[in-house]
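Since the structure comes first, as structure tokens, the remarks are kept for the end.
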Amino acid sequence: MSSLLQGVNLYLIGMMGAGKTTVGQLLAKQLSYGFVDTDNVIAQAAGKSINQLFAEAGEAAFRQLESDVLAQVCAYTKLTIATGGGIVMRQENWSYLHHGLIVWLDVPVELLYNRLAEDTTRPLLQDVDPKGKLRSLIEERTPLYSQADLKITVNHEETPEQIANRVMEMIPSVLKPQVSH
Ligand SMILES: Nc1ncnc2c1ncn2[C@@H]1O[C@H](COP(=O)(O)OP(=O)(O)OP(=O)(O)O)[C@@H](O)[C@H]1O
Ligand SMILES: O=C(O)C1=C[C@@H](O)[C@@H](O)[C@H](O)C1
Ligand SMILES: [Mg+2]
């Protein structure tokens, strides 16, 4: 399947908990691509968790690191890249994302909340009203996520494998037609 995208990178965008990391790993296998998770690269390079980075350096510093990592990875080919949920917020990041095919995993707030209710690794959800916070982030970011090449809506419980299969099935519909001679 590595020929499907002809080496073009696949970027996964969407809210925290949408499954970018989980589904991204499966897609990388199916495409015979490498897998990169921008959050993991940042945490490994900094030697700190994302929570620690937010607490010690602040969100603005994290966002700069995120842009730096994205700028580096887009120089490579044959990668599936799971991004952080807020990567869409910086205009400059779009110039990197558009080097590849951008897939938005669109998951409603109830499913996100169920997945993340017990999770303490997302600093932006350490809020008195995590569901309200998710709602306001979705409202703010939906116009940005909508700039993706492909939107995959997950309205009910589906396994990561089922979602990855749907992405694979939809990819041909958004590829530019090859010129035949
Ligand atoms: N299709 C799915 N069904 C049920 N649970 C899922 C599904 N996809 C992911 N999850 C679970 O939801 C949680 C969040 O998934 P994941 O870390 O892949 O999200 P993410 O989009 O990478 O989030 P972030 O932006 O915070 O990195 C994990 O515990 C994961 O196991
Ligand atoms: O939605 C967000 O802004 C975030 C999502 C995560 O992937 C991490 O990048 C971090 O927790 C911030
Ligand atoms: Mg992730």
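Data overview
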quantity: Unmet requirement for ALA28, which otherwise passes all of (1) touching a residue at least 60 places away in the same chain (Cβ under 8 Å); (2) under 16 Å from ALA164 (Cβ atoms); calculated: (1)
quantity: Single unsatisfied condition, LYS20 versus (1) surrounded by fewer than 23 Cβ atoms within 10 Å (Cβ to Cβ); (2) basic (Lys, Arg); (3) in contact (Cβ under 8 Å) with a residue 12 or more places away in the chain; (4) within 13 Å of ligand 2 (Cβ to nearest atom); calculated: (1)
quantity: Selection count where residues are over 12 Å from the mean Cα position of the chain (by Cα) and hydroxyl-bearing (Ser, Thr, Tyr), scope the range 31-45; calculated: 2
quantity: Where a residue in the range 76-95 is touching a residue at least 24 places away in the same chain (Cβ under 8 Å) and its partner, wherever it lies, is open to solvent by 60 Å² or more (accessible area, probe 1.4 Å), with Cβ under 6 Å and at least six apart; calculated: THR80/PHE35
quantity: Any hit, the range 12-21, residues being in a helix (DSSP H, G or I) and either of a type outside the set (A, V, I, L, M) or modelled with pLDDT of 95 or more (or both); calculated: yes
quantity: Residue in the range 153-163 that is over 23 Å from ILE50 (Cβ atoms), away from ligand 2 (no atom under 16 Å from the Cβ), part of a helix (DSSP H, G or I) and not hydrophobic (A, V, I, L, M, F, W, C) present; calculated: yes
quantity: Scan of the range 121-142 for residues that are polar (S, T, N, Q) and closer than 22 Å to ALA60 by Cβ, ordered by number; calculated: THR121, GLN126, SER136
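The values are calculated or read from the model by the stated rules, or taken from the named source; none is laboratory data. It should be emphasised that the depicted structure is a prediction, and the values quoted were computed from it without experimental measurement. No Cβ is skipped: glycine too gets one built from the backbone with ideal geometry, and neighbour counts run over all protein chains shown. Side chains are part of the model used for accessible areas, which takes the heavy atoms of the whole protein and leaves out ligands, DNA and RNA. Shrake-Rupley method; radii C 1.70, N 1.55, O 1.52, S 1.80 Å.
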